[in-house]
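Novice: Structure in structure tokens, see below.
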Amino acid sequence: MRKERCWNNLMGAAAKSAALSLCVVVLAGAGFGQSLSGRWMQPGKTLDNGEQQKWILELKQNGNDLTGTLKSLDYGVDLKGTAAGNHFELFASWEPTRPFLTGDLVNGELHGMERGRRPVLAKPAAAADDISTVSYIEPPPLHNVPDNGLAKTPPMGWNSWNLFAGRIDDQTVRTMADALVSSGMRDAGYIYLNIDDTWEGVRDAQGNLQSNHKFPDMKALADYVHSKGLKLGIYSGPGPRTCAGYPASYGHEEQDAKTWAAWGVDYLKYDWCSARNVYKNDALQPVYQKMGDALRATGRPIVYSLCEYGWGSVEKWGPAVGGNLWRTTGDIRDEWSSMIGDVEKQVPTAPFAGPGHWNDPDMLEIGNGHMTDDEYRTHMSLWALVASPLLAGNDVRTMTDATKAILLNKEVIAIDQDPLGKQASPVKNGDLETWVKPLANGGVAVGVVNLGSAAALTTVKASDLGLGGPVKNARDLWAHQDVTFSSGVYSATVASHGVLLLRVSAK
């Protein structure tokens with residue numbers, strides 16, 4: 001139809017030659033571009049262990065419809081989308097509303113953006129560009145891994161990812177260890193210093209995983225951390241690759257666990273990442289069990305943190321695989337909506353929290369600069385109320401006084417570390433949301449969060465707190481002062497995105 005209309009508009013035979021060129025341009029703009037079918041390779045950065053990152057995109061075009069798969073060292077994703085001329089948009093199977101890849105076919109190359117932030121320049125892939133596949137390893141039969149006796153209260157410490165991501169190294173970890181001590185963080189309970197992704201090197205001839213040039217001697221680093229009265233954490237995953245594309249523990253679980261134990265590691269964060277390329281979610285439990293068994297076999301006490309984003313109802317089976325804590329959300333961002341969204345996901349997990357096994361809505365963003373101090377106080381309060389691990393993610397070396405006051409509030413920390421290990425549940429009333437957490441001494445912690453855009457008056461009624469008696473003592477944990485319930489009621493104004501946090505006991 002478009003071709004006929006184009007030719008019917010020509011002005012005589014003498015113009016045919018010029019019109020032919022015009023039609024080519026018009027038709028290309030109307031959707032008749034070159035085919036996008038084929039294999040395309042996008043080179044990536046060189047990793048800190050010397051390996052070359054890349055992805056391979058295999059596309060099939062049928063008219064304007066596109067289907068395909070994208071594979072890299074660390075992940076794979078099925079894609080669907082459309083083509084209009086030489087322009088394309090591709091959507092990931094797990095995010096069908098926001099484009100994963102967009103761009104244009106220009107001179108036999110794909111030019112565009114990945115997830116709206118990473119430039120794409122992909123060329124036709126050669127045979128040498130293939131990403132090697134891994135042999136499938138059948139998950140083990142299910143059994144219960146004995147409790148390791150660790151993490152009787154939620155683990156506290158610091159993790160490198162939120163601030164440093166791939167820029168973490170030995171010297172930074174040492175200076176952070178020093179700062180955890182000098183700032184008072186260690187003495188407040190923040191004892192785990194956890195190295196996240198990008199420490200990994202390559203495996204030697206015997207399959208032993210080495211650290212890369214950023215960490216020249218892990219045993220010496222662990223000794224330094226231990227000399228400060230701290231414990232060292234490390235990162236890996238059950239897939240062939242970590243989230244950043246480095247070697248993970250697939251097929252080397254026992255070997256890696258022995259390596260970490262020999263180094264003196266005290267904590268493992270184990271991230272699903274590329275395991276999704278090998279296993280379906282129904283294999284989460286046995287795959288995580290395999291590392292739980294491997295850690296136990298070392299004889300070293302190592303806290304086991306499962307990072308599978310809350311998939312597969314992990315709160316129901318996490319303890320059975322030897323887990324001490326498990327992620328219940330995706331990655332947190334330093335913004336109000338992400339923080340509130342993550343804590344709301346804790347509501348159905350509340351019955352499964354307790355000593356030795358904790359729901360984890362991800363690390364703290366306090367002090368990283370993209371929320372207000374009121375919002376950060378709310379962040380700290382909610383993590384304490386839901387008995388979350390408290391893993392700081394800021395630069396402890398350069399904390400402001402306001403950040404110190406939030407992270408080092410011992411009265412709030414005590415709510416998080418309460419030995420009863422109960423998780424708060426909320427009741428919402430308009431923009432105000434009230435969380436009540438039972439405490440070991442028979443009292444409760446009460447947090448009232450103002451989700452609205454203006455300050456609001458809240459009234460806390462003793463009769464709603466399940467105290468079993470009239471109020472004996474009440475204390476505002478951010479004002480650090482006692483308050484009075486008059487006729488069984490206490491009222492206060494809560495700032496927008498702020499929190500009122502009380503500790504209340506009964507006679």
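Novice: When the stretch 62-79 is examined, which residues are found to be touching a residue at least 24 places away in the same chain (Cβ under 8 Å), part of a strand (DSSP E or B) and buried (at least 19 other Cβ atoms within 10 Å of the Cβ)?
Specialist: Those that are touching a residue at least 24 places away in the same chain (Cβ under 8 Å), part of a strand (DSSP E or B) and buried (at least 19 other Cβ atoms within 10 Å of the Cβ): LEU66, LEU70, SER72.
Novice: Wholly within the stretch 184-233, which strands (runs of 3 or more DSSP E) include no fewer than the required count, namely at least 2 residues that are without any contact (Cβ under 8 Å) to a residue 60 or more places away in the chain?
Specialist: Answer list for the stretch 184-233: 209-211.
Novice: When residues of the stretch 81-108 are filtered for being among the acidic types (Asp, Glu) and either touching a Cys at 6+ places or on another chain (Cβ under 9 Å) or modelled with pLDDT of 95 or more (or both), how many remain?
Specialist: The total comes to 2.
Novice: Also, I was wondering about something else. Looking only at the stretch 235-284, count how many residues are under 29 Å from ARG174 (Cβ atoms) and either under 15 Å from the mean Cα position of the chain (by Cα) or without any contact (Cβ under 8 Å) to a residue 24 or more places away in the chain (or both).
Specialist: Looking only at that region, the number is 11.
Novice: Can you confirm whether GLY443 is at pLDDT 95 or above and in contact with a strand residue (DSSP E or B) (Cβ under 6 Å, 6 or more places away or on another chain)?
Specialist: For GLY443, the condition - at pLDDT 95 or above and in contact with a strand residue (DSSP E or B) (Cβ under 6 Å, 6 or more places away or on another chain) - is met.
Novice: Among the residues of the stretch 462-475, are any free of Cβ contacts under 8 Å to residues at least 40 places away in the same chain, of a type outside the set (A, V, I, L, M, F, W, C), in a strand (DSSP E or B) and touching a Pro at 6+ places or on another chain (Cβ under 7 Å)?
Specialist: no
Novice: Any residue in the stretch 151-169 that is surrounded by fewer than 14 Cβ atoms within 10 Å (Cβ to Cβ), over 26 Å from the mean Cα position of the chain (by Cα) and either in the same structural domain as GLU365 (by TED's automatic domain parsing) or not basic (Lys, Arg) (or both)?
Specialist: No.
Novice: Given (1) farther than 23 Å from GLY149 by Cβ; (2) buried (at least 18 other Cβ atoms within 10 Å of the Cβ), identify the lone condition not met by HIS357.
Specialist: Condition not satisfied by HIS357: (1).
Novice: Among the candidates ASN441, ASN450, which residue alone is of a type in the set (S, T, N, Q), touching a Leu at 6+ places or on another chain (Cβ under 9 Å) and within 17 Å of MET380 (Cα to Cα)?
Specialist: ASN450
Novice: Taking the stretch 441-455, which residues are surrounded by 19 or more Cβ atoms within 10 Å (Cβ to Cβ) and among the hydrophobic types (A, V, I, L, M, F, W, C)?
Specialist: The answer is VAL444, ALA445, VAL446, VAL448, VAL449.
Novice: Show me the helices (runs of 4 or more DSSP H) entirely contained within the stretch 240-321 in which 2 or more residues are surrounded by fewer than 20 Cβ atoms within 10 Å (Cβ to Cβ).
Specialist: Because the criterion is at least 2 residues that are surrounded by fewer than 20 Cβ atoms within 10 Å (Cβ to Cβ), the helices (runs of 4 or more DSSP H) in the stretch 240-321 that meet it are 253-263, 284-298.
Novice: Regarding THR403, is this residue out of contact with any Ser or Thr (no Cβ under 8 Å at 6 or more places or on another chain), in a helix (DSSP H, G or I) and β-branched (Val, Ile, Thr)?
Specialist: The answer is yes for THR403.
Novice: All but one of (1) within 21 Å of the chain's Cα centre (by Cα); (2) among the aromatic types (Phe, Trp, Tyr); (3) surrounded by 19 or more Cβ atoms within 10 Å (Cβ to Cβ) hold for PHE215; which doesn't?
Specialist: Answer for PHE215: the failing condition is (1).
Novice: From the list LEU209, LEU232, LEU268, LEU193, which one is in contact with a His (Cβ under 9 Å, 6 or more places away or on another chain) and closer than 26 Å to THR328 by Cα?
Specialist: Testing whether each residue is in contact with a His (Cβ under 9 Å, 6 or more places away or on another chain) and closer than 26 Å to THR328 by Cα leaves just LEU232.
Novice: Given the condition among the charged types (D, E, K, R) and under 15 Å from VAL386 (Cα atoms), answer yes or no: does some residue in the stretch 318-335 qualify?
Specialist: Scanning the stretch 318-335, I find at least one residue that is among the charged types (D, E, K, R) and under 15 Å from VAL386 (Cα atoms), so the answer is yes.
Novice: If you don't mind, there's one more thing I want to ask. I'd like the full set of residues that are at pLDDT 95 or above and either surrounded by 17 or more Cβ atoms within 10 Å (Cβ to Cβ) or charged (D, E, K, R) (or both), limited to the stretch 428-440.
Specialist: Hits for the stretch 428-440 are ASP431, LEU432, GLU433, THR434, TRP435, VAL436, LYS437, PRO438, LEU439.
Novice: Got at least one residue in the stretch 373-395 being among the basic types (Lys, Arg), part of a loop (DSSP other than H, G, I, E, B) and more than 19 Å from VAL471 (Cβ to Cβ)?
Specialist: no
Novice: Go through PRO99, PRO140, PRO43, PRO154 for me and flag whichever is free of Cβ contacts under 8 Å to residues at least 60 places away in the same chain and outside any strand (DSSP E or B).
Specialist: That would be PRO99, the only listed residue that is free of Cβ contacts under 8 Å to residues at least 60 places away in the same chain and outside any strand (DSSP E or B).
Novice: Any residue that is at positive phi and either of a type outside the set (S, T, N, Q) or assigned to a loop (DSSP other than H, G, I, E, B) (or both) - is there at least one of those in the stretch 432-453?
Specialist: Yes: one or more hits.
Novice: For a quick check of your reading of the model, give me the residue pairs whose first member lies in the stretch 392-413 and is in the same structural domain as ARG186 (by TED's automatic domain parsing) and surrounded by fewer than 20 Cβ atoms within 10 Å (Cβ to Cβ), whose second is among the β-branched types (Val, Ile, Thr) and assigned to a helix (DSSP H, G or I), with beta-carbon atoms closer than 7 Å and at least 6 apart or on different chains.
Specialist: From residues that are in the same structural domain as ARG186 (by TED's automatic domain parsing) and surrounded by fewer than 20 Cβ atoms within 10 Å (Cβ to Cβ), the pairs are ARG397/THR175.
Novice: Here's a follow-up. Filtering the stretch 80-98 down to residues that are in contact with a Gly (Cβ under 7 Å, 6 or more places away or on another chain) and surrounded by 15 or more Cβ atoms within 10 Å (Cβ to Cβ), which residue is nearest to ASP65 (Cα to Cα)?
Specialist: So the residue we want is ALA83.
Novice: Tell me yes or no: at least one residue of the stretch 323-332 is assigned to a helix (DSSP H, G or I), within 22 Å of the chain's Cα centre (by Cα), under 30 Å from HIS143 (Cβ atoms) and outside the structural domain of VAL444 (by TED's automatic domain parsing).
Specialist: No; the residues of the stretch 323-332 include none that is assigned to a helix (DSSP H, G or I), within 22 Å of the chain's Cα centre (by Cα), under 30 Å from HIS143 (Cβ atoms) and outside the structural domain of VAL444 (by TED's automatic domain parsing).
The values are calculated or read from the model by the stated rules, or taken from the named source; none is laboratory data. Please read all numbers here as calculations on a predicted model, not as lab measurements. Note that we place each Cβ from the backbone using ideal geometry, even for glycine, and neighbour counts take in every protein chain shown.
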